[in-house]
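As structure tokens, the structure follows; a few thoughts come after it.
No value in this document is a laboratory result; all are computed from the given coordinates. Bear in mind the structure is a predicted one, so any value in this text is a computation, not a measurement. Don't worry about glycine lacking a Cβ; one is built from the backbone with ideal geometry, like all the others, and counts go over all protein chains shown.
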Amino acid sequence: MPTTEIPPDGPPGGRLARYRAGWDLLSANVRGSIWMVLSSLVFAVMATCIKLLGQDLPVIEILFFRQMFVILVVLPAIARGFPAVLVTSRWPVHLTRALLAFVAMTAGFTALVHLPLAEATAISFARTLFTTILAVIFLHEVVGWRRWTATLVGFLGVVVVARPSPEHFNEYALLALLSACFVAALQIALRSLAQTERPVTIMTYQNVCLSVLLAGPAAYLWVTPTWEQIGFLAAIGVLMSVVQWTMIKAYGIGEASAIAPMEYGRLLFATVAGIWVFAEVPTVYTLIGATLIIASTLYTVHRNSIRQAPAAPKEAE
């Protein structure tokens, strides 16, 4: 009587089941950290594609194509909720957020194309420092001397990376810093909108308004892409969606204070990509400045987690 041989790995799906079981045994913070490291790796790949395309295509056009691919991804969610997704009493805030995103993305992508990847990535982390300042101004949050000191140390790191001087003036470093500031403003606007608006409404206004803002400049500066470049543009849109999805997974599983530090893997991956693809060896100023920026933002995240943590219950005497 013939017998059916069972593969060494067990029945079909056995190996996958073991992997899933092993994954489930990991703590929530470890799984969240793995998702964030993956997000950082994908971001570095996306940044490399942007830098390569930026040598031949206008940054605005790259942004426009990226936005079109993002809309294709979110269109089903918008269609399911239409027209209710458009109901809002805060359209000025939605429009302001789109304008902030327009400036942040244009400045950030331009800096990414013209600066070494490691330098542009290091400066981008200054957004956490700007968020502290803007939260005090617009949200009236109370910030103690420890977080103000960390903020000053972080900006010192930015100065070390950018090295502003008459002999070493780099307008693209200023654009990277401007982008970080506007990204921080975006986060403040999102905090405000999230209190009253549904996520799908925020997403709809963000994507529609941003597409309209990009369409005119993209048409004016239009350069017809090759099929190879269209492939890269499509890859950027897909990679951006993957970055957002993996970040959502990371923060949905683990604690923010444990997950956030893993985002600094972007700097490591960007440095490797810069050396490998563009032969960009980071300077000692970039390394020292990046260390100061990362240390200050990690401390800020730590202080935020302490401030937001609920007080521990007192033990019964």
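Of the residues Leu177, Leu63, Leu25, the one that moves most in a GNM of the chain with alpha-carbon contacts below 10 Å is Leu25. Straightening the chain between Ile248 and Gln195 buys 17.2 nm, computed as 0.36 nm per residue apart minus the Cα-Cα spacing. Taking every full run of DSSP H in the chain, the ones that stretch at least 27 Å from end to end by Cα along their long axis and average -1.0 or higher on the Kyte-Doolittle scale are 28-53, 59-81, 91-114, 171-194, 199-220, 227-253, 284-308.
Here are several values of Kirkwood radius over Cα pairs in Å: [x] 20.5; [y] 21.7; [z] 19.5. Which one was derived from the coordinates shown? Comparing each candidate, only [y] matches the computed number.
Any chance you could run the full-extension gain for Val272 through Ala84? It's 0.36 nm times the residue separation minus the Cα-Cα distance, nm to one decimal. Don't skip to the end; give the middle numbers.
Values: separation 188, 0.36 × 188 = 67.68 nm, distance 4.56 nm.
Once the chain is fully extended between Val272 and Ala84, it gains 63.1 nm.
Per residue, the chain reaches -25500 deg cm²/dmol at 222 nm when only DSSP H runs of four or more residues are counted, each adding -39500 (n - 2.57).
Relative contact order for the chain: 39 percent, from Cα pairs under 8 Å spaced at least 6 residues apart, divided by residue count. From the alpha carbon centroid of the range 241-255 to that of the range 182-203 is 17 Å.
Kindly rank 45-54, 207-216 from highest to lowest mean number of other beta carbons found within 10 Å of each residue. Before the final figure, lay out each step's value.
Values: 45-54: 20.5, 207-216: 17.8.
Highest to lowest by the protection proxy: 45-54, 207-216.
Ordering 134-142, 96-104 by mean Cβ neighbour count within 10 Å, with the highest value first, yields 96-104, 134-142. Taking Pro116, Pro261, Pro217 in turn, the Gaussian network model of the chain (Cα-Cα springs below 10 Å) assigns the largest fluctuation to Pro217.
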